[in-house]
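Take a look at the structure set out below.
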Amino acid sequence: GLFSVDTETRYYVVVLIVLGIAMLMVRSLRNSRVGRVLIGVRDNERAAQALSVGARGTLIVAFATSGFLAGVAGGLFVLQQRSLDAVNFDPGESLRVFSMAVVGGLGSIGGAVLGALYVKGIQYFLTQPQWAFLSTGFGLLLVLMLMPGGLGAAAGDLRDGILRWYARRRSIRVPSLLADTRVDAGTEPEANLVDALAATEHRAATADELAEVPE
């Protein structure tokens, strides 16, 4: 039928579609009010509680969301394996999945995908013994030493660097990329503010003097 997944290629397409839906769902959640609350509790739980945010309920929402996504992924995995075997869920696999998220970059949606591609790509494509260490713990630590923010942060820095180069080449003013040339380098906002305040006081004093002059 139309939704038959009897071949590996069709099942792979289904998994890609589910992955895309999951990424869109997480991105939408992150841009919503609930997502901002989650980020606030993650960054500073006490400050969030000071703003009347329930940290315990927020953590429950985070665990429920992650558990739902993990359940969907586990269901797809069991459906692909046609069986449920405890060998496929040993602690080593859990650590490997966690290492994918860390190498990709915690807090980055696309970074998790890059981390999975890095770890699994080395295992499948770089089968030579001299490259096998890249997928081990030493290789992952080496990647984190070179890119502390993970692969996602490195990809973001590369993108911003390319955009900055293009903005400078085309003389495009982009404040978010620190390429805005509308403000002169020698201009000091503090001096301009002092001058504006002095001019305002001078006008006020002049107005008072004119008001005191008899008709």
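The values are calculated or read from the model by the stated rules, or taken from the named source; none is laboratory data. Note that the coordinates shown come from a computational prediction; the quantities given were computed from them, not determined experimentally. Accessible surface areas use protein heavy atoms only, side chains included; no ligands, DNA or RNA. Shrake-Rupley method; radii C 1.70, N 1.55, O 1.52, S 1.80 Å.
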* **Average accessible area per residue (Å²) across the range 31-123 - probe 1.4 Å, nucleic acids and ligands excluded** => 66 Å²
* **Rounded, prolate or oblate (a/c below 1.5 giving rounded, otherwise prolate when a/b exceeds b/c) for the range 1-148 by Cα gyration tensor** => oblate
* Taking the range 50-173 and dividing mean pair separation by its residue count, relative contact order in percent (alpha carbons under 8 Å, at least six apart) -> 19 percent
